[in-house]
Structure formats: structure tokens, C-alpha cells
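Colleague: First the structure, then my questions, so here it is.
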Amino acid sequence: MKQGSRFWAWLVFGVGTTYFILPLLATFEFSLRKRRGEYSFDAYRSVFEDPNFQTTFTYSVVVAIFTILLGVLLVVPTAYWIRLRLPNLRPVVEFITLLPLVIPAIVIVFGYIRMFGSNSTLPFLATARGTDVLLVIGYAVLALPYMYRAVDTGLRTIDVRTLTEAAQILGAGWTTIIARIILPNVLIAVLSGAFLSFAIVIGEFTMASLLNRPAFGPYLQNIGANSAYEPSALAIISFAITWGCMSLIQILSRFAPKSANRPN
Amino acid sequence: MADPFLSIQHVRKSFGATTVVEDFSLDVEPGEFVSFLGPSGCGKTTVLRMVAGFEEPSAGKIVVAGKDITRLKPNQRNVGMVFQAYALFPNLTVAQNIAFGLKVAGMPKADADRRVAEMLDIIKLPQMGDRYPYQLSGGQQQRIALARAIAPKPKLLLLDEPLSALDAKVRVSLREEIRSIQKKLGITTIFVTHDQEEALSISDRIAVMYGGKAEQVGTPFEIYNRPATKFVANFVGTLNVLEGTVTDAASGMVRVNSQEVALKGKLNGSKSGDTLSLALRPEAISLGRQPGRDSSLAGEISEVHFLGSVIRVRVGIGGSTVSLDTFNSPATPPPAVGEKAEISFASSDMLVLH
Amino acid sequence: MADSTMPQTASVSPRAPEISRLRLPLHWLGVAPFFVFALLFLILPTVGLIAGAFKNAAGDYTFENIIALSQPKLAAAYLVSIQISVVSAVLGALIGLAMAVAVVRGGLPSWLRSATLTFSGVASNFAGVPLAFSFIATLGRLGVATILLRDIFGINIYSLGFSIFSFWGLVLTYLYFQIPLMIVIITPAVDGLKKEWGEAAATLGATNWQYWRMVVIPVLWPSFLGTTVLLFANAFGAVATAYALTGPSLNIVPIQLFAQIRGDVLYNPNLGYALALGMIVITGLANLFYILFQRRAERWLK
């Protein structure tokens, strides 16, 4: 009985693994074939030397950094305040943070284009810089569910209220409390949310494309339509970036504070 | 003596290089309630799981009602088991949980319903049939688990620390209830626990286990009053241990902190000059001379704790301390710290630990 | 949850009266930025679209746009979208569950479990353009697997009617993020299956199959259903993977909407809003069911 179930487990696992590993191997193999008759990293070299790659990738990295900053500024004080003072607002906030999972990104950006056009009251789309800002905002919305969850989980493990009251008794002001007590303690959680946001934002296509921004996602799509081996190289690079972000989150989670004094 | 109902014969179990149970044997009479008592890691749960069929013994035999079940699968053994974490099926109601074994055995629904109602009466939760486990308290869930285990009329009931997850109060009332149901149904039961008070209060016999072996098997009275080994003496109940030196083996004289005590007929095999561990239960000691307590030691009162009906007194005898309990009496003031005191005991109550 | 509110009432209530009078606005200031942000960049744009779906070009309220969604091309787009999402969700859920059970309960070495979970975390986020590239390199007309199958096994999948740009090609690609997402979400539920349940069932005389039929499957069912509808919503809203794989040609809702936003291909902006509303309704319903199923599952597996 035991033996049989283990056989099935291995079979399922083996078939699944093949499905997941094969495209990666195939893509990698394909990406090495740019030079006729031998394997080479020519496709990667041509990608890295492409000025469009450099500019779009840099652009997306900058946008991702601003997205993370905006996300942290928005989420950390809110999640903290909700835990500390307005616990009955929690369901509302949680519901709002889950909305971006319900409303597809394409619908959100459609709404932006309709609402923030050049002759509206908030004409984000009138200038390129304004559109950049709107893209950052849109990405912050997309990352909101992940950021909020990460931070809220972090706050839950450290027992915010006791820490805050302890700091107040010792005479700390609000800035000190947030900067010196809360942030360092939820830093790991914030960083996890940040890396996840980064992984989501770096190759995002829909919003960037519809807002006509020179980001990495639209660049990828464009390359795919116009060359043979570079797309495979870019797919491998993208996978490596996603993998890197996820590994960093895993590594960080090992340093996360274990529940202070309350197990919930 | 009748044939044993359950016979565990020279059972061993090793996982890789570590041996968890070595050469464990025990015969259990029909209808008997036997507890396996010991600290965690002593092998008590492993023996139980071998009886249930979840572990296969590395050597030895398990016989139930004359039939060798050592290699039988758990679902063919007809044993009932209750787990520490209740393990009720969360998707089934209380009644469906209790009926599970009956349904699996193919009992007609009307019969099964009747049996379930009967079980709910026995565990005194007759109104709870339609509830789901998550709606019940821990104590209620464990009673349902008990009902589920005994509903198919198993030959053996195995209880794996069933009370450990419960509050102290519920624990006491449920253990009494388990015992009374077990007696009423006459079902042969093995009860695994690390709680000595629990084991003493409900068992017909106790097997005290340590390091994969049975240290002693006996009635609660024997285990408590005549512990066979140092481990049993220490694990079961509170004990005062004094070190002594044999001064005259022939007449049974032992010196404890430069005071002589006579222990006639207790020193079997010890020579003069041997050191011994002498043990006394707190209730076997009294403060001051008492009739029938033939031995005494002088010391000084070091601590007094007023606990209500009882006063716990610690008396320093040279380098060691002895605890004893005296009843509170409104007429006499409690002893004071620093007073000289004499403790007395019957030399026959003194345990000599080898 | 319940106990976390207790210390607060205990510690705050003695000074509550004066604080509430003095600090009430401050209480709300703490969360104001968040609510303003959510209102401005999440709720209002969406509500605007929804309202637009019920207006005509002149701004009058009408159901015309909703009715116009039934025109053959749009109805077909919804149908194909729903089909792709359902098929990829159901397959993804079944395969993902099988893998989660294999890894958690199948007696495989424990390092495989953490490796699988880590990989699933990566792969469930590896959607979009690069994923499409990978599958073209693997199963495209000149893909590595296509060539291998043709040259070594003599199976020409393209002459058998397969194409990576077809319905099944898309499903196969979507599974690359659907299965891992299932594994990530369902593993805690599989973990929640207590070993003692199986042992209790065995001592009560149940066979392995009876235990699965009467306990395991019913217990996992709500989580399974809930995650399946979540996978459905996940596939339904996916734009980039489909667009990079098939270009603007495939008639599914997100791609239709993409083309509409780009260039008003429907020649009616309000119809575009209705198209978006349809997406919100479908993904919204899916998420609602997810929450309902999840609530039931949590009650059992707490």
C-alpha cells in the first residue's frame, strides 16, 4: 500500500517536473544557437549591447524603485494605524487591497486613460512625466495586495500595540516610533513585498504598453515580433530575475522575527 | 489464571540505528485497564502504535484473543483508538463521525442510527448529533472521539494521551468518565500518558516505561508504595531522598548525616560501608514523635508554606532537605522557620533505592 | 483575532473619552492617504468605466452597450475566453493538486517539497511575454521539443493539428503559471489534512479508498473549488501572455479590449466600457466564489 502510493507520487512528480523543466531547457538551448553550427552566447551579447535594452531596462528598474517607495509609504503607515487604532476598519482596507486581484490590470489602465486624459481635471496623460507618474501609481495598485499582505503579516508577528505603548512610555514621538521601532521590525516583510513588487513590475506589459511608455515589457514584446534568438535569451534573463527576487524573499524569510509573544 | 486477552511478546522496534522499544512484554486480562506511563521518548506511544498496526515491530509478536495480529493491517484489527488531537473528521457531523466505523463495516442505516443514539447517551451529549466538530469544545470533541472509537464494538480500546490537550478541570472529569464507560462496557483498554496522577487514578495496572523498557508493571498501589527501581520511585509521586552509609549490615544500621537509623530487613545484600539512597514519601513523615513511627531524625525547619488545608514544611537534615505535609489545625500555630524539629517515620516505610 | 482586540480595550478605555474628543480627526488622518489613493486610482476609474458602460455617446443612460455585447464577435470572444480560462483552470487545479499531494503526502524526500514550493513561487509569477517566448522556443514550429518529437519519435505535432498559437497551445502555456499557483495555494490545505484522520479511519476499519472518498476529498473540496475559480479569474484577466503568443489575432476578451483601448476598433468607446464591465463582473464573481469556498475550508482546517 505504502509502496504503491510512493510510486504514484514519483510518477506525478516526474511528469510535472518534465513539463516545468523542459521549456526552460529548450529556451536556453535555443538562445545559444544564434551562431551557426555551434553554441554561443551571441544572443545574450546582442541583447546586452542593444541600446534599447539598456534604456528600457533602466527605465523599468527606475519605475520599479519608485513603485516600491510609493507602495511602502502607502502601506506601512496604513497597516500600522489599522492595527493600532482602527481595527474595525480592517475588513474595509483588506477588501480594497484585494480589489486589484479582482479588477484586471487592463481594466484599471483603461479607467486611467479615460479619467486622466489631457483635458481632465487631473491631466496626468498630458505630459510624458505625468504619464510616468501614472505608470508608477498603476504599478503600486497592482502590487498593493502583495505589499499589504506582506507588511500586515510582518506587523502581526511583532505585536505592534505593545511595542508602541512601550515606546510611548519611554517618551518616543510618532516619527521615532515609526522610523526606529516599527520599520526595522517589519523591514524583512517590507523587503519581501518590495522584491515581489519588483518581480511583477519589471516585465509588465499591459499597462506600460497602453500608456505608451518605453518600458521593458513592451520592448520584450517588440523583440519577439522582430528577431529569432534574442527572445529566448530575454526569456532566460527574465526568468533569472524572477528567480532572483523569489530567492531573496526566501532568504529574507529566514531572518524574519518569529512571533514575539502572541502566536496569532 | 485465564489466558491473557492481549499478549505483547518480546516486542522490539528500531528506526534505523535507534532502538525505541527493546524487548517489551505484557499480558493484559480481558476487561482490564492498563496504563503505559513514562516520560516522552520512553517508547510508550510506539508500543501502542504497534498494537494499533501503524508501526510494524522489528521483532516479537502481538496476540489478541489467541490470534497473532502482528502483521495485520490497522483496518483489519478491530481496535478503537482515541488520539491526543481528537482527530474528528471535520467534514462530518458528530453523528456521522460516530457512524463512520459502522458505515464502513456496512451496517444498515437504521441499526447504525440506533447505535449512534446509544453512544451519544453514553457520553452524555444526546443533543449534539447534528453539530460539526468545530462547534464543540475540546472536551466535547474528545468524548465524541471516544464514542466514535467504541461504536463498532472493538476488541481493544487504545487511548493515546487523550487528555493532554484539555484544561485541567475537564481532564479530571473526563478521565473519570472514560473509566466508568470502560467499566460499563468491559472493554480491554490501553491508556498512554505521561501524567502519573492520571495513571494512578484510573488504571487497574500500570506499566512504567523508561528507555524503551518496562521498568515495573503493577497495580497503582504497588507502583506507588513499592517502586522497584530508582526511576519508578522518582517518576511516580514526590519523594524525599537522603544519602546514607551502612554502618552495621547485620543489624540494619545506617548513618544519615551522623545520625543512626535502624532499617531492619531492608538492606538485603548491602555490606557495611556501602552508600545507599533512602527515600520517603512526604505523607510517611510526621513532625515530632508519633506512635507507630519507630525511627526519627533531628533537624531544623527551613521553610513553611501555608497551603490552606495542608501546611508544607521543609526540614533541613544536615545537608539535605525533607518535605512533609501536616494538616492545618486552627488550634495550633504553624511551625516557625529556624525551630529545631524532629521528624519521625516508620522504618518499614523507608524505601531503599539501589 | 478576537484576543488581539482585548488588550486594546483594556488599556485604552480608561482614557477613551478625552482621547476620542481630541484625537478623532487624527485617527482618520492616519489612513486618509490610503483611502484617497484607493479612491482616486482604483475605485473612481473603475466606477467611471462602469458608468460609461451604461451611457451612449450623447451621455444618456442606456442598456444598448450591454445588449451590444451579444454581437457575434464579442460573444465569441467571451465564449473563447471563458473556455480557455475554464480548461486551464480545471487542468491546472487537478494537476496542481496531484503534485501538491505527491509532494506533501507521497513519501517523497522532504527537500523536494521545499524545492517544489520555491519553484512554484517563481513560476506562478513568470507569466507574460517571456513565458510566451519560452513556449515558442519549445513548442513553436521550430521549437526544440517540436523538432525532437519529429526527428526522434517521428511525431510531427504540427501536421497532427497542434499549434502553439491555437486554443490548446494557449492552454498549455497558461498551465505553466496555473499549476504552480494551484500548488502554492492548495499546499496549506493539503498540509491541513491531519495524519491522525487517516489513522482514525484505519482503526475504524476503513480502506484507503474509503478514507479518501469519505474524508480527504470532501475536506479538500472547498479549497479545490475556491482555488479553481481563482485560477479561472487569473487566466481570464491575462493579457500579455496571450498577446505575445498570438498577437492581436486571437479573439479573446482581453485582446479585444487591448485593441479597443489602442485604437477604438469597435468605433464606440462606450461599448469598450461595457466590454471592460463584462470582465469585472466575471472576475468579480469568480473571486466572490473563491472567498465563499475559502471561508468554508478554513472553518474545517483551522
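Colleague: Have a look at B:ILE122, B:ILE98, B:ILE62 and point out the one that is surrounded by 17 or more Cβ atoms within 10 Å (Cβ to Cβ), of a type outside the set (Ser, Thr, Tyr) and within 14 Å of chain C (Cβ to nearest Cβ).
Modeller: On the way: B:ILE122 fails: within 14 Å of chain C (Cβ to nearest Cβ); B:ILE62 fails: within 14 Å of chain C (Cβ to nearest Cβ).
Sole residue among the options that is surrounded by 17 or more Cβ atoms within 10 Å (Cβ to Cβ), of a type outside the set (Ser, Thr, Tyr) and within 14 Å of chain C (Cβ to nearest Cβ): B:ILE98.
Colleague: Which is over 30 Å from B:PHE89 (Cα atoms), in a helix (DSSP H, G or I) and out of contact with any strand residue (DSSP E or B) (no Cβ under 9 Å at 6 or more places or on another chain), of C:LEU220, C:LEU175? Outline the logic, then answer.
Modeller: Numbers: C:LEU220 fails: over 30 Å from B:PHE89 (Cα atoms).
None of the others qualify; the one that does is C:LEU175.
Colleague: Can you say whether A:THR27 is surrounded by 19 or more Cβ atoms within 10 Å (Cβ to Cβ), more than 26 Å from A:ALA179 (Cα to Cα), polar (S, T, N, Q) and within 7 Å of another protein chain (Cβ to nearest Cβ), as far as the supplied structure shows?
Modeller: Working: surrounded by 19 or more Cβ atoms within 10 Å (Cβ to Cβ): yes; more than 26 Å from A:ALA179 (Cα to Cα): yes; polar (S, T, N, Q): yes; within 7 Å of another protein chain (Cβ to nearest Cβ): yes.
Yes: the conditions hold for A:THR27.
Colleague: Which of the following residues is in contact with a Lys or Arg (Cβ under 7 Å, 6 or more places away or on another chain), closer than 18 Å to C:LEU193 by Cβ and at pLDDT below 95: B:ALA65, B:ALA87, B:ALA59? Write out each step before concluding.
Modeller: Values: B:ALA65 fails: closer than 18 Å to C:LEU193 by Cβ; B:ALA59 fails: closer than 18 Å to C:LEU193 by Cβ.
Being in contact with a Lys or Arg (Cβ under 7 Å, 6 or more places away or on another chain), closer than 18 Å to C:LEU193 by Cβ and at pLDDT below 95 holds for just one of B:ALA65, B:ALA87, B:ALA59, which is B:ALA87.
Colleague: If you scan segment C:199-210, which residues turn out to be at the interface with chain B (Cβ under 9 Å from one of its Cβ atoms) and either hydrophobic (A, V, I, L, M, F, W, C) or buried (at least 20 other Cβ atoms within 10 Å of the Cβ) (or both)?
Modeller: C:GLU199, C:ALA200, C:ALA201, C:ALA202, C:THR203, C:LEU204, C:GLY205, C:ALA206 - these are the residues of segment C:199-210 that are at the interface with chain B (Cβ under 9 Å from one of its Cβ atoms) and either hydrophobic (A, V, I, L, M, F, W, C) or buried (at least 20 other Cβ atoms within 10 Å of the Cβ) (or both).
Colleague: If you take the residues of segment C:239-261 that are within 7 Å of chain A (Cβ to nearest Cβ) and closer than 30 Å to C:ALA58 by Cβ, which of them is nearest to the chain's Cα centre (by Cα)?
Modeller: C:PRO254
Colleague: Residues of segment C:63-87 being free of Cβ contacts under 8 Å to residues at least 24 places away in the same chain and not in a helix (DSSP H, G or I), which ones?
Modeller: Correct list: C:PHE63, C:SER70, C:GLN71.
Colleague: Out of (1) facing chain C (nearest Cβ under 9 Å); (2) more than 22 Å from the chain's Cα centre (by Cα); (3) under 21 Å from C:ILE261 (Cβ atoms), the odd one out for A:TRP81 is which?
Modeller: It is condition (3) that A:TRP81 fails.
Colleague: Among the residues of segment B:257-289, how many are touching a residue at least 24 places away in the same chain (Cβ under 8 Å) and over 32 Å from the mean Cα position of the chain (by Cα)?
Modeller: Filtering segment B:257-289 down to residues touching a residue at least 24 places away in the same chain (Cβ under 8 Å) leaves B:257-259, B:261-264, B:266-267, B:270-289.
Subset that is over 32 Å from the mean Cα position of the chain (by Cα): B:257-259, B:261-262, B:271-274, B:288-289.
Qualifying residue count for the region: 11.
Colleague: Test of understanding: among B:GLY338, B:GLY299, which residue is within 15 Å of B:LEU242 (Cα to Cα), out of contact with any Lys or Arg (no Cβ under 7 Å at 6 or more places or on another chain) and either part of a loop (DSSP other than H, G, I, E, B) or not assigned by TED's automatic domain parsing to the domain that holds B:LYS230 (or both)?
Modeller: Details: B:GLY338 fails: within 15 Å of B:LEU242 (Cα to Cα).
Among B:GLY338, B:GLY299, only B:GLY299 is within 15 Å of B:LEU242 (Cα to Cα), out of contact with any Lys or Arg (no Cβ under 7 Å at 6 or more places or on another chain) and either part of a loop (DSSP other than H, G, I, E, B) or not assigned by TED's automatic domain parsing to the domain that holds B:LYS230 (or both).
Colleague: Could I ask something else about it? Could you go through segment B:258-266 and let me know if any residue there is in contact with a strand residue (DSSP E or B) (Cβ under 7 Å, 6 or more places away or on another chain), modelled with pLDDT under 90, buried (at least 16 other Cβ atoms within 10 Å of the Cβ) and not in a loop (DSSP other than H, G, I, E, B). Give the steps one after another, and end with the answer.
Modeller: If we filter segment B:258-266 for residues that are in contact with a strand residue (DSSP E or B) (Cβ under 7 Å, 6 or more places away or on another chain), which is where we start, we get B:259-263, B:266.
Filter once more, keeping what is modelled with pLDDT under 90: B:259-263, B:266.
Now drop any that are not buried (at least 16 other Cβ atoms within 10 Å of the Cβ), which leaves B:261, B:263, B:266.
In the following step, the residues that additionally are not in a loop (DSSP other than H, G, I, E, B) were identified as B:261.
The answer is yes; a qualifying residue exists.
Colleague: Hey, another quick one. Given the residues A:ALA199, A:ALA215, A:ALA208, A:ALA189, which is the only one that is under 18 Å from the mean Cα position of the chain (by Cα), surrounded by 24 or more Cβ atoms within 10 Å (Cβ to Cβ) and at the interface with chain C (Cβ under 8 Å from one of its Cβ atoms)? Reasoning before the result, please.
Modeller: On the way: A:ALA215 fails: at the interface with chain C (Cβ under 8 Å from one of its Cβ atoms); A:ALA208 fails: at the interface with chain C (Cβ under 8 Å from one of its Cβ atoms); A:ALA189 fails: at the interface with chain C (Cβ under 8 Å from one of its Cβ atoms).
Answer to the check: A:ALA199.
Colleague: Among the residues of segment B:197-208, is any within 14 Å of chain C (Cβ to nearest Cβ) and within 30 Å of B:LEU26 (Cα to Cα)?
Modeller: Our first condition is that a residue be within 14 Å of chain C (Cβ to nearest Cβ); within segment B:197-208, this holds for none.
For segment B:197-208, residues within 14 Å of chain C (Cβ to nearest Cβ) and within 30 Å of B:LEU26 (Cα to Cα): absent.
Colleague: Which of the following residues is among the β-branched types (Val, Ile, Thr) and surrounded by fewer than 19 Cβ atoms within 10 Å (Cβ to Cβ): A:THR78, A:THR55?
Modeller: A:THR55
Colleague: Is it the case that segment C:108-116 has a residue that's part of a helix (DSSP H, G or I), farther than 14 Å from C:LEU181 by Cα, among the polar types (S, T, N, Q) and in contact (Cβ under 8 Å) with a residue 40 or more places away in the chain? Let's see the steps before the verdict.
Modeller: Taking segment C:108-116 and keeping what is part of a helix (DSSP H, G or I), we get C:110-116.
Adding the requirement that they be farther than 14 Å from C:LEU181 by Cα leaves C:110-115.
Cutting the leftovers down to among the polar types (S, T, N, Q) gives us C:110, C:114.
Cutting the leftovers down to in contact (Cβ under 8 Å) with a residue 40 or more places away in the chain gives us none.
Within segment C:108-116, none of the residues are part of a helix (DSSP H, G or I), farther than 14 Å from C:LEU181 by Cα, among the polar types (S, T, N, Q) and in contact (Cβ under 8 Å) with a residue 40 or more places away in the chain.
Colleague: Another one. Mind listing just one residue for me: the one in segment A:91-136 that is at the interface with another protein chain (Cβ under 9 Å from one of its Cβ atoms) and of a type in the set (Gly, Ala, Ser) and, of those, farthest from C:ALA286 (Cα to Cα)?
Modeller: A:GLY111
Colleague: List the number of the failed condition for B:VAL79; all other conditions in (1) surrounded by fewer than 21 Cβ atoms within 10 Å (Cβ to Cβ); (2) touching a Leu at 6+ places or on another chain (Cβ under 9 Å); (3) within 28 Å of B:SER164 (Cα to Cα) hold.
Modeller: (1)
Colleague: Residue check: is A:LEU134 touching a Phe, Trp or Tyr at 6+ places or on another chain (Cβ under 7 Å) and under 24 Å from C:MET279 (Cβ atoms)? Before the answer, list the steps.
Modeller: Values: touching a Phe, Trp or Tyr at 6+ places or on another chain (Cβ under 7 Å): yes; under 24 Å from C:MET279 (Cβ atoms): yes.
So A:LEU134 fits the description; yes.
Colleague: Being more than 29 Å from C:ILE67 (Cβ to Cβ) and more than 10 Å from chain A (Cβ to nearest Cβ), is that true of even one residue in segment C:267-289?
Modeller: Among the residues of segment C:267-289, not one is more than 29 Å from C:ILE67 (Cβ to Cβ) and more than 10 Å from chain A (Cβ to nearest Cβ), which makes the answer no.
Colleague: Still on this structure, I have one more. In segment C:32-62, how many are part of a loop (DSSP other than H, G, I, E, B) and out of contact with any Ser or Thr (no Cβ under 8 Å at 6 or more places or on another chain)? Step through it out loud before you land on a result.
Modeller: To start, the set of residues in segment C:32-62 that are part of a loop (DSSP other than H, G, I, E, B) comprises C:54, C:56-60, C:62.
When the remaining residues are screened for being out of contact with any Ser or Thr (no Cβ under 8 Å at 6 or more places or on another chain), the result is C:57-60, C:62.
Here the count works out to 5.
The values are calculated or read from the model by the stated rules, or taken from the named source; none is laboratory data. Keep in mind that what you see is a predicted model, and the values were worked out from it rather than measured. For neighbour counting, all protein chains shown are included, and Cβ atoms are generated from backbone atoms with ideal geometry for every residue, glycine included.
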